[in-house]
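Right, one structure below, let's go through it.
Just so you know, all these numbers are worked out from the coordinates, no wet-lab data involved. Computed from a predicted structure; not experimentally measured. When we count neighbours, we look across all protein chains shown, and the Cβ atoms used for this are built from the backbone with ideal geometry, even at glycine.
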Amino acid sequence: MPKKDKFPTLLMVDISLITVVTAYIGARLFQILFVMPKYFLENPMEIFYFWKGGYVIYGAMLFPLIFVYLYTKRKVFLS
């Protein structure tokens, strides 16, 4: 039986951290840009009030996919 190639542990840690951080940023960014842009233009400091809520699941799914793809393409396929 052939030995399966495994991802290095550090690569998996990097991917996990990228996923968590970009999911948070993407969810907030989608809220700001697509759901309530007029409100945030009138109150720009509210962008940083993360405890007041305002996250969109589409951004939390889309941003990590994009950034993990770009990271793995750069790290794995170009190395």
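Would you mind calculating the gained length between Val21 and Tyr71 on full extension (0.36 nm times residue separation, minus the Cα-Cα distance), in nm to one decimal? Write out the running numbers ahead of the final one.
Values: separation 50, 0.36 × 50 = 18.00 nm, distance 1.35 nm.
Once the chain is fully extended between Val21 and Tyr71, it gains 16.6 nm.
Here the 3J(HN,Hα) profile of segment 58-64, calculated from phi with Karplus coefficients 6.51, -1.76 and 1.60 at θ = phi - 60°, is 4, x, 5, 9, 6, 4, x Hz, Gly and Pro shown as x.
Of Val56, Val13, Phe40, which is farthest on the positive side of the dipole of segment 10-77, counting Cα position, with +1 on Lys and Arg Cβ, -1 on Asp and Glu Cβ, and the Cα centre as origin? Looking along the dipole axis, the top candidate is Val13.
Taking only Cα atoms, what is the 0 to 90° angle, nearest 10, from helix 9-30's long axis to the longest principal axis of the chain? Tilt relative to the chain: about 20 degrees.
For the listed peptides 64-70, 47-53, a ranking on the average number of other beta carbons within 10 Å per residue, highest first, reads 64-70, 47-53. One decimal place: the segment Phe40-Met61 gains 5.3 nm when fully extended, by the rule 0.36 nm per residue minus the C-alpha distance.
Quantify how much of the Cα-Cα distance distribution of the chain extends past 15 Å, in percent.
Details: 1939 of 3081 pairs.
That tail contains 63 percent of the Cα-Cα pairs.
Counting 0.36 nm for each residue step from Phe48 to Leu10 and taking away their Cα separation leaves a gain of 10.6 nm.
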